[in-house]
Amino acid sequence: MSPTSANGASPTWWARASRRGMNAKPDTVTVAAIGDLHVTESSEHRYRDLFAEISQAADVLALCGDLTNFGKTREAEILAEDLHACTIPAVAVLGNHDYECGQPQVVADILHSAGVTMLGEQAVEIGGVGFAGVKGFVGGFGRGELGSFGEPAIKAFVDASIEEARKLENALRSLRTDRVVAVLHYAPIVETVEGEPLEIFPFLGSSRLADAVDRFENVKAVVHGHAHRGSFRGETLKGIPVYNCAQFVVKAETDRPYALIEV
């Protein structure tokens, strides 16, 4: 990936933006969002050409978690090598698969070394658009959301969900841009997990994430992954569009594995 400038954009991006008549804060920024890459040790650089294609179609790449299949070092290295074909700024969050080997920070560090901005309690501005994100967690949606009551294990489970929503809210609050995109792995609303078995809905996301998003009027879109058989689009209670960008869902909707979202 090309090195980024102080404002988070690569020299290639700014050159292309200039040719398109865009200034440092263009009226429209196109975000390519994709999740659930599930890179394995035998992936053989399957995403290299895709990242090159995305670089021509979009201004920013958002990676929505489950970037590796097991969170192995070599998996992250292969993805980082593929990302050298990406000539636009990239932001990312990890997913549950990236935690499987117990070394999520190693995965994050490898991707960061490839030029990816790893979102968390920090946020970033690119071309006048703010990006904030967290992995998120489970817990369910609406009236079915699990409450903190009973056994310590249940309380710890709910506390983890609350903490992810808190981190998202803090990151969103740190941005002063008129336009913000929230990047997640777990779903913030039930609509974009519909299509999955009803029994697993509580394990696909949490309404607490949507509650955090709805506190901010400048959030223009939310992207997530995780629900491979979910639905492409929904809205928060306040009408903010939410896109399930798991590549399998996007492919079924648009015939390409990444969503293009203008903000």
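Of everything in the stretch 36-60, what is closer than 23 Å to Leu119 by Cβ and either part of a loop (DSSP other than H, G, I, E, B) or in contact (Cβ under 8 Å) with a residue 60 or more places away in the chain (or both)? Give them in sequence order.
Asp36, Leu37, His38, Tyr47, Leu50, Ile54, Ala57, Ala58, Asp59, Val60 - these are the residues of the stretch 36-60 that are closer than 23 Å to Leu119 by Cβ and either part of a loop (DSSP other than H, G, I, E, B) or in contact (Cβ under 8 Å) with a residue 60 or more places away in the chain (or both).
What number of residues within the stretch 235-263 are over 20 Å from Glu53 (Cα atoms) and in contact with a Pro (Cβ under 8 Å, 6 or more places away or on another chain)?
The number of residues fulfilling the criteria is 3.
How many of the residues in the stretch 109-126 are at pLDDT 95 or above and either in contact with a helix residue (DSSP H, G or I) (Cβ under 8 Å, 6 or more places away or on another chain) or of a type in the set (Lys, Arg) (or both)?
So the first thing to find is which residues in the stretch 109-126 are at pLDDT 95 or above, and the list is 109-119, 123-126.
Now drop any that are not either in contact with a helix residue (DSSP H, G or I) (Cβ under 8 Å, 6 or more places away or on another chain) or of a type in the set (Lys, Arg) (or both), which leaves 110-111, 113-116, 118-119, 123.
Within the stretch 109-126, residues that are at pLDDT 95 or above and either in contact with a helix residue (DSSP H, G or I) (Cβ under 8 Å, 6 or more places away or on another chain) or of a type in the set (Lys, Arg) (or both) number 9.
Please go through (1) surrounded by 23 or more Cβ atoms within 10 Å (Cβ to Cβ); (2) under 20 Å from Asp66 (Cα atoms) for Val129 and return the number of the only condition it doesn't satisfy.
(2)
How many residues are assigned to a loop (DSSP other than H, G, I, E, B) and surrounded by 23 or more Cβ atoms within 10 Å (Cβ to Cβ) if we restrict to the stretch 115-126? Full working, then the answer.
Step one: filter the stretch 115-126 for residues assigned to a loop (DSSP other than H, G, I, E, B), giving 115-116, 119-122.
Within this subset, residues satisfying the condition of being surrounded by 23 or more Cβ atoms within 10 Å (Cβ to Cβ) are 116, 119.
Matching residues across the stretch 115-126 total 2.
Go through (1) more than 18 Å from the chain's Cα centre (by Cα); (2) touching a residue at least 40 places away in the same chain (Cβ under 8 Å) one by one and return the number of the condition Val190 breaks.
Evaluating Val190 over (1) more than 18 Å from the chain's Cα centre (by Cα); (2) touching a residue at least 40 places away in the same chain (Cβ under 8 Å) leaves (1) as the failure.
Pairs please, first residue from the stretch 199-226 and farther than 27 Å from Pro257 by Cβ, second anywhere and assigned to a helix (DSSP H, G or I) and of a type in the set (D, E, K, R), Cβ atoms under 8 Å, 6+ apart in sequence or on different chains.
Pairs found: Arg208/Glu164; Ala212/Arg166; Ala212/Glu169; Arg215/Glu169; Phe216/Arg173.
Report the residue count in the stretch 89-107 for those that are assigned to a loop (DSSP other than H, G, I, E, B), in contact with a helix residue (DSSP H, G or I) (Cβ under 9 Å, 6 or more places away or on another chain) and either touching a residue at least 40 places away in the same chain (Cβ under 8 Å) or charged (D, E, K, R) (or both).
Going through the stretch 89-107 one residue at a time, the tally reaches 2.
Considering (1) of a type in the set (A, V, I, L, M, F, W, C); (2) in a helix (DSSP H, G or I); (3) closer than 20 Å to Cys245 by Cβ, say which one Ile110 fails and leave the rest.
Ile110 satisfies every listed condition except (3).
Just checking, how many residues over the stretch 146-184 are over 22 Å from the mean Cα position of the chain (by Cα) and assigned to a loop (DSSP other than H, G, I, E, B)?
The qualifying residues number 6.
Considering only residues that are crowded, with 23+ Cβ neighbours inside 10 Å, in contact with a helix residue (DSSP H, G or I) (Cβ under 9 Å, 6 or more places away or on another chain) and among the aliphatic types (A, V, I, L, M), which ones fall in the stretch 212-245?
Ala212, Val213, Val219, Val222, Ala227, Val242
What single numbered condition from (1) more than 17 Å from the chain's Cα centre (by Cα); (2) over 25 Å from Thr254 (Cα atoms); (3) of a type outside the set (A, V, I, L, M) fails to hold for Asn96?
If we test Asn96 against (1) more than 17 Å from the chain's Cα centre (by Cα); (2) over 25 Å from Thr254 (Cα atoms); (3) of a type outside the set (A, V, I, L, M), just (1) comes out false.
Looking at Lys72 and the list (1) under 18 Å from the mean Cα position of the chain (by Cα); (2) more than 24 Å from Ala165 (Cβ to Cβ), which single condition is not satisfied?
All conditions pass for Lys72, except number (1).
Can you tell me which residue is farthest from Gln103 (Cα to Cα) among those in the stretch 37-76 that are crowded, with 18+ Cβ neighbours inside 10 Å and among the acidic types (Asp, Glu)?
Once the filter is applied, the top-ranked residue is Asp59.
The values are calculated or read from the model by the stated rules, or taken from the named source; none is laboratory data. Only a predicted model underlies this, so the values are computations on that prediction, with no experimental measurement involved. Note that each Cβ is placed from the backbone with ideal geometry, even for glycine, and that neighbours are counted across all protein chains shown.
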